[in-house]
Every structure is written in C-alpha cells, then in structure tokens.
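The values are calculated or read from the model by the stated rules, or taken from the named source; none is laboratory data. Keep in mind that this is a model prediction, so the values were computed, not measured. In this analysis, Cβ positions are derived from the backbone assuming ideal geometry, glycine residues included, and neighbour counts consider all displayed protein chains.
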Amino acid sequence: MDTETVLKVIAMLEARIDTIKLNQPVPSLHDWHKGQINGLETFKEHLDKCIEAQVNQVENDMNRGD
C-alpha cells in the first residue's frame, strides 16, 4: 500500500476507536469492546511503524545522496 492509503486507514481506525469509546464510556466498556479497541489500536500501531520505517528509509536515502 502507498503511504497515503495507509494514512487514510490509520485515520479510519482512529475514528472507529473514538466511536466505540463515545458510545460506551470507559467505565462501562464491556470486555468485547475492550478487545475491539485493543485490536484496532494494535493494528494502528503496526501501520504507524510501517509509515515510520518508510520515512526513515527515505531520510537515509537522502542522506546517502540517492
């Protein structure tokens, strides 16, 4: 996936997490809501790391003069 698509997916994940939290205040979150949020946050973190790796690669290439 290209970077723009990954950033859009990350934004969608964040919106979904916010929606779950708004509809179920934290003290009353059921276990499956907590699991849903955990899964979405884990996937979002993975995508964030992918973007970070790509940015680092571009920076390294620029520093080498490629």
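For the reader, a short list of remarks on this structure follows.
- Considering the conditions (1) exposed (fewer than 13 other Cβ atoms within 10 Å of the Cβ); (2) touching a helix residue (DSSP H, G or I) at 6+ places or on another chain (Cβ under 8 Å); (3) at pLDDT 90 or above, Ile10 is excluded by exactly one of them, (1).
- Some residue of region 35-52 being hydroxyl-bearing (Ser, Thr, Tyr) and modelled with pLDDT of 90 or more: yes
- Of the residues Gln57, Gln24, the single one that is out of contact with any Lys or Arg (no Cβ under 8 Å at 6 or more places or on another chain), among the polar types (S, T, N, Q) and surrounded by 13 or more Cβ atoms within 10 Å (Cβ to Cβ) is Gln24.
- Restricting attention to region 44-59 and to residues that are more than 21 Å from Ile17 (Cα to Cα) and of a type in the set (A, V, I, L, M, F, W, C), the residue that is nearest to the chain's Cα centre (by Cα) turns out to be Ala53.
- Failed item, numbered, when Thr19 is tested on (1) exposed (fewer than 10 other Cβ atoms within 10 Å of the Cβ); (2) within 17 Å of the chain's Cα centre (by Cα): (1)
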